[in-house]
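The values are calculated or read from the model by the stated rules, or taken from the named source; none is laboratory data. Just so we're clear, the structure is a prediction, and the values are computed from it rather than from any experiment. For neighbour counting, all protein chains shown are included, and Cβ atoms are generated from backbone atoms with ideal geometry for every residue, glycine included. Heads up: the accessible areas ignore ligands, DNA and RNA and are worked out on the full protein's heavy atoms, side chains in. Shrake-Rupley method; radii C 1.70, N 1.55, O 1.52, S 1.80 Å.
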Amino acid sequence: MAFRFQRRIRLAPGVRLNLGKRGLGLSVGPRGASLSMGPSGVHGHAGLPGTGLAYRRRLDAGGGAGTQDKSDAGATAASRAAALEALLAEGGSLAVQLEVEEGGQVVYFHADGSPLCSAEARVLRRHAEETLREQLLAHCERLNADLDRLGRLHEETPPPEAGGYLMRDFDEPPPPPFQPQAPGLRHALWSPARRRLEEENRRRRDEFDEHYRAWEWRKADHDAAEFSRHRRESEEVWDDPAAMEQTLRDRLEEIDWPRETLIDFDLGSDLRTIAVDIDLPGEEEMPDRYWGMPPKQLRLSPRKLGATRQRELYRDHVHGIAFRVLGAVFARLPAVVEARVSGYRQVPEPATGGQRDQYLYSVKVSREQWGKIHFDRLDQVDPVAAMEAFTLRRDMTRTGIFRDIEPLKLV
């Protein structure tokens, strides 16, 4: 039977490997500085005791150019560095954002996005070298772990018997109980005061009741949605096409994808087969370097991956995506006994100057075959070799160079 792809899922990425965006935020002080990480930075006030208003205005995220004093506009780099020196020496703190450039250099910014001048950066590095080094090293390790994860995406695949859905509890606590304000002697002796107290207590009671009812509605909506999903994934998923499609969509959207991924799929007319097409990344979209940190410098040092290693990483990644999709199909769609998964990427079309789809692989897998994988030892599974154990159409060299293939058809 022929498949027409009418359903598409756009899956948002969970891991980002960009180095050109500010994503490392610190609050730095000379001793015991508090540190926090976040893509929007740490927004806080940096006081400058004894140094005047000009520099304090510059650090305040709410202070714009139109509100700066003339002394701030004319401040020299040396005076700003001296003010920062005084701040950190006296135990103050400074909210900082760091940007790691492609070459590994670190650029420093205030919390409002304005850059630190070179003199300020030198002061900051002198007072907070250990703190900056710890955070940059942790950032370096995260970048390398994210890169390594691209080739091990299959290790997070659930076994086929992990179907069904466990309902989640509503985690929002109820509003705190209403506590009426107790009357005092003044209220007992003066009736206007007593009436105002009673009115205030009634107002607060009504406000509490309103908040509590709203909380109950949110909890009821949550519980109803969880029960509906549990019933859909436990009962309806066996013979209801709409339930099967929604179940697969939910599961795929819950996977922490390294990049935005487009997946087209369609169920066979008997609901026992499924065809999936995956829009794969191009090789140029893969990261091409590991990162280290020199022992005596506050910067990252890139080490470019060799061409063979890049192709191996790409090969493992695109096969790992197919492995994850097959895992979602067989774990969440118990009626499906056979799946066809094909992966393609966009490549230039020399004849027209446009783009065309190049299929890299197409694999057909039965539920029985899928069940033979040892899901408790996925760290020992090679996703490339795993695909070769099934009915596979692929033209790939040993080093990961792909040539065009015609995808399989389920009949």
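Treating cross-link reach as a plain straight distance, find the aspartates and glutamates whose alpha-carbon is under 14 Å from the alpha-carbon of Lys409, omitting any fewer than eight places away in the same chain.
Lys409 reaches Asp266, Asp277, Glu338.
Which aspartates and glutamates, on any chain, are close to Lys304 with Cα under 19 Å apart, when same-chain ones fewer than 8 places away are left out?
Within the straight-line limit of under 19 Å, Lys304 reaches these aspartates and glutamates: Glu101, Glu102, Glu141, Asp146, Asp148, Glu283, Glu284, Glu285, Asp288, Glu312, Asp316.
Putting +1 on Lys and Arg Cβ atoms and -1 on Asp and Glu Cβ atoms, find which of Thr131, Ala162, Leu116 reaches farthest to the positive end of the dipole of region 116-174.
Result: Leu116, furthest along the dipole toward the positive end.
Any idea of the accessible area per residue across region 141-186, 1.4 Å probe, to the nearest Å²?
With all protein chains present, region 141-186 gives 67 Å² per residue.
At 1.4 Å probe size, with the rest of the protein present, what percent of the exposed accessible area of region 272-339 is carbon and sulfur atoms?
Within region 272-339, the accessible surface is 44 percent carbon and sulfur.
Sort largest first and round to whole Å: the equivalent ellipsoid semi-axes of region 289-375, each the square root of five times a Cα gyration tensor eigenvalue.
35, 24, 10
Sequence neighbours fewer than 8 away in the same chain don't count; with that in mind, list the aspartates and glutamates whose C-alpha is under 15 Å from Lys296.
Glu129, Glu130, Glu134
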